1. Could you tell me what a quarter of the Cα convex hull surface of the chain works out to, in nm² with one decimal place?
2. When only C-alpha pairs under 8 Å and at least 6 residues apart count, what is the relative contact order of the chain, in percent?
3. If one computes the Cα centroid of region 212-232 and of region 485-564, what distance in Å separates the two points?
4. Can you check what the net charge comes to around L346, using other residues whose Cβ is under 14 Å from the Cβ of L346 (Lys, Arg +1; Asp, Glu -1)?
5. At a Cα cut-off below 16 Å, give the lysines reachable from K599, other chains included and same-chain residues fewer than 8 away excluded.
6. Dividing the Cα radius of gyration by the Kirkwood radius, what Rg/Rh value follows for region 554-715?
7. Among 450-458, 254-262, 239-247, what's the highest-first ranking by average C-beta atoms within 10 angstrom per residue?
8. Taking the Cα centre of each part, how many Å lie between region 278-337 and region 451-480?
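Values in this text are rule-based calculations from the coordinates and carry no lab data. This structure is a prediction, so every number in the text was calculated from the model and none was measured. Please note: Cβ atoms are built from the backbone with ideal geometry, for glycine as well, and neighbour counts cover all protein chains shown.
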Amino acid sequence: MTDDPELSDWRERARREIKAEAETLVWQTPEGIAVKPLYTASDIDGLDHIGTLPGAAPYTRGVRATMYAGRPWTIRQYAGFSTAEESNRFYRRALAAGQKGLSVAFDLATHRGYDSDHPRVEGDVGKAGVAIDSVEDMKILFDGIPLGEMSVSMTMNGAVIPVLASFIVAGEEQGVPAERLSGTIQNDILKEFTVRNTYIYPPEPSMRIVSDIIAYTARQMPRFNSISISGYHMQEAGATLVQELAFTLADGREYVRAALARGLKVDDFAPRLSFFFAVGMNFFMEAAKLRAARLLWTRVMAEFAPRKAESSMLRTHCQTSGVSLQEQDPLNNVVRTAYEALAAVLGGTQSLHTNSFDEAIALPSETSSRIARNTQLILAHETGVTRVVDPLAGSYYVESLTAELATQAWALMEEIEREGGMTAAVASGSPKRQIEAAATARQARVDRGEEVIVGVNRYRLEEEEPIEFRRIDNAEVRRAQVARIERVRRQRDPDLWSSTLSALEAAARSESSNILEAAVEAARARATVGEISDALRRAFGAHRAEAEVVADIYGAAYRDEPEYRMLVERLEAFADANGGKPRILVAKLGQDGHDRGAKVIASGFGDLGFEVVAGPLFQTPEEAAELAVATGVQVIGISSLAAGHRTLLPQLVAAMQAKGAGHVAVVCGGVIPREDYRFLLDSGVAAVFGPGTNVLDAARAVLDILEGRRRNEATA
């Protein structure tokens with residue numbers, strides 16, 4: 001029996017109409033992936049990874065056959081507060097409350113290889129992490145915590161040699177030899193040159209440090225992961241998920257090559273490589289990203305012909321997104337973090353950190369940390385997600401996304417190979433430019449309302465309840481650290497200290513020596529983090545990056561929209577009336593290398609019609625003031641993300657006044673609690689822009705300040 005022709009025609013018309021309507025609902029992701037409103041079995045036809053099993057290559061479904069049904073992920077919380085004593089108290093409470101591993105956040109002075117008494121780090125000590133100056137601090141940090149039983153992850157790259165050496169010696173003096181220490185050191189320097197910027201030495205000797213650590217740990221620390229190859233900071237800096245995947249795995253490929261070049265066999269170190277990814281708010285795509293990462297790493301490692309299956313397994317730690325957290329209506333961040341944590345778990349992470357809801361404002365409080373930790377405990381014990389291995393397997397949508405992400409990321413990795421590998425690409429600045437372009441484009445989407453952020457650019461509360469946050473007394477922390485450093489220096493053997501530092505410098509200059517091995521001897525002799533770093537600076541020199549700003553991205557997103565054009569015309573009128581464009585220095589003070597906000601502002605302001613001077617990273621207030629006077633700017637815009645604003649901004653205002661340049665307006669933006677606005681304004685800052693500020697609003701406010709000052713000068 002055949003269908004009625006009229007009925008068949010109706011069905012065909014209906015099919016075409018449904019298809020046409022569906023095509024209008026296709027969403028183009030920032031990665032350029034077309035997400036359809038409907039997926040069917042045809043979308044996964046022919047995909048190679050379909051039908052594979054967990055625990056078997058290409059590990060798309062997980063690196064263990066039983067995954068969480070056999071053992072849940074490790075609950076870690078990335079934390080470090082001011083002093084080693086304060087951090088130790090926090091760790092002990094967290095472990096008692098169900099946390100299973102430690103993840104140490106160091107302050108920026110430590111990251112950059114400076115002791116707490118160095119004049120360049122006055123505003124950074126104890127901010128954004130714990131200050132570690134010597135083995136004595138490291139011993140206090142882990143006092144009462146058995147290092148032979150506890151897995152310790154340390155996010156450290158620039159000063160990785162003295163920090164890891166101090167950890168090893170602290171273990172020894174606790175009675176735990178190096179071979180019994182377990183955990184991870186990040187040791188991912190290529191990522192630092194691309195986004196986070198806590199580098200110290202130039203790229204080539206920095207890669208030597210990476211490979212020496214891999215070699216040392218392969219021989220003497222079999223339970224320790226020698227590197228955590230990090231995409232997290234790339235996504236936080238603005239990378240798309242394809243960029244995060246491609247650049248992270250390309251970094252990993254480069255580290256394998258570096259270790260092989262040092263004479264290691266691939267199976268001696270590859271099983272201890274680990275990865276670290278961010279998990280943001282694109283729920284299904286984030287889960288698919290982790291599945292694609294495992295698939296692609298298996299493909300990468302096939303190039304090196306390992307014999308052990310473990311050498312091809314991508315094991316990863318994940319952290320929920322920091323950049324997705326918002327200052328406005330901050331309790332919404334609890335929900336954001338929970339969704340991101342679920343995406344990480346459905347993607348198959350081996351360990352997880354969940355951010356606290358107040359981290360868009362300050363370091364997390366005890367209350368917010370407990371909520372973040374309990375988010376994971378509830379996920380593990382109450383939702384049932386640990387009962388089934390890879391519950392998303394076979395999903396038309398997720399499997400299709402997995403394949404699409406893998407295809408696009410591999411294509412970008414092949415481009416990097418044509419450039420000569422990731423080290424060459426980093427030296428050219430290509431990955432950094434691509435990430436900064438993506439960050440600027442996203443900011444334009446948010447400012448235009450195309451990308452909705454609840455409580456920020458839509459559904460915003462008129463009035464918000466203030467929340468309590470953790471405040472660090474930077475001056476008091478620094479005083480305590482300086483006193484301990486002085487005590488260590490008085491009590492150590494000066495001859496042994498001097499000889500071990502000389503031997504360390506000699507080891508750095510000799511390709512046949514292992515730098516970490518020599519640094520362990522120096523740490524035993526109580527050489528400080530800064531002294532060990534300085535010995536390597538003498539051998540290697542220091543890296544200084546050139547500031548670059550992308551153009552024609554933010555402005556292109558607005559094109560001829562009235563609000564944008566009106567501001568451009570005001571700026572043109574200001575330039576005509578005053579003999580040139582308004583000039584702004586966009587600067588970073590202290591040792592905070594997170595420059596996403598500064599780069600987005602510089603790019604957006606430049607497109608609008610400001611003349612932008614992009615200052616170098618790591619300036620002191622005095623250096624920023626000198627540059628401002630030398631370049632004749634009318635405004636200095638300071639980007640602050642590491643809580644040093646209460647120390648550094650008043651110093652900048654004072655430095656400008658001392659140079660007779662008090663007429664130059666100082667404005668600031670970033671992670672600044674609202675409770676600090678009045679303090680900064682009373683200190684001479686002209687305007688404060690909190691997290692989530694629209695770039696156009698900030699530019700309009702800066703122009704208002706300049707026009708107001710011109711009017712005042714004219715009537716004076």
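1. Working: hull surface 142.4 nm².
Answer in nm², one decimal: 35.6.
2. On the way: 1315 pairs, mean separation 104.3, N = 716.
The normalised contact order for the chain reaches 15 percent.
3. 19 Å
4. Values: positive: R61, K289, R291, R294, R387; negative: E286, E340, D390, E399.
Result for the local shell: +1.
5. K432, K588
6. On the way: Rg = 15.0 Å, Rh = 15.9 Å.
Result: Rg/Rh = 0.94.
7. Working: 450-458: 14.8, 254-262: 19.4, 239-247: 28.0.
Output ranking for 450-458, 254-262, 239-247: 239-247, 254-262, 450-458.
8. Cα centroid to Cα centroid, the span is 27 Å.
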